[in-house]
Amino acid sequence: MSDAWTKWQCIQNCGACCRLDPTDRGEAIAVLNERQQEIYFGMVNPDGWCKHYDTGGRRCRIYDSRPDFCRVGLLASLFNLPQDKSESFAIHCCHQQIRSVYGGRSRELRAFERSLRLPLQKDG
């Protein structure tokens, strides 16, 4: 990935992370503990999408109370990676998931890549 990709951020109208089909997520499911796996499998609809995913609005209906494994900022800790790898790991995971769900030439992937190249905003 390019050095210009400096900060992960979620993009609107994507929802690729809400595609929970266990056949596509074996590696991720393997790092979850038994309780997390129970929650995960309870969230998967027969079509492979999360039952909390609003397909019309393309957003999570439980975003503020979503499980820890749905929080991109916590992905590195689930995989026992050091905190300094958190940002690059989140970018890699989202890139891979968006590509898998929507394709390598999708508008979602292009939007995600553009968002990563935006200058970092300063607080304050």
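Each reported figure results from applying straightforward, stated rules to the coordinates on display, with no laboratory input. None of these values were measured; they are calculated from a predicted model. Here the Cβ positions follow ideal geometry from the backbone for every residue, glycine too, while neighbour counts run over all protein chains shown.
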TODO: Kindly list the residues of region 5-27 that lie in the label zone of residue 87, defined by a backbone N under 11 Å from the point 7 Å along the Cα-to-C-beta vector.
DONE: 5-9
- [ ] May I ask which residue of 15, 82, 43 lies farthest towards the positive end of the charge dipole of the chain, with charges of +1 (Lys, Arg) and -1 (Asp, Glu) on Cβ and the Cα centre as origin?
- [x] 15
Task: Computed magnitude of the charge dipole of the chain (debye, nearest 20; Cβ of K, R +1, Cβ of D, E -1) - done: 500
TODO: Report the label-to-label distance for residue 45 and residue 110 in nanometres (one decimal), using points 7 Å from each Cα along the Cα→Cβ vector.
DONE: 2.7
Open item on the list: On C-alpha positions alone, give me the angle between the axis of helix 107-117 and the longest principal axis of the chain, in degrees, nearest 10.
Closed with: 50
TODO: Count neighbours as other Cβ atoms within 10 Å of each site's Cβ, and list the trypsin sites (Lys or Arg not before Pro) in region 1-103 that are DSSP loop with at most 14 such neighbours.
DONE: 7, 51, 58, 61, 71
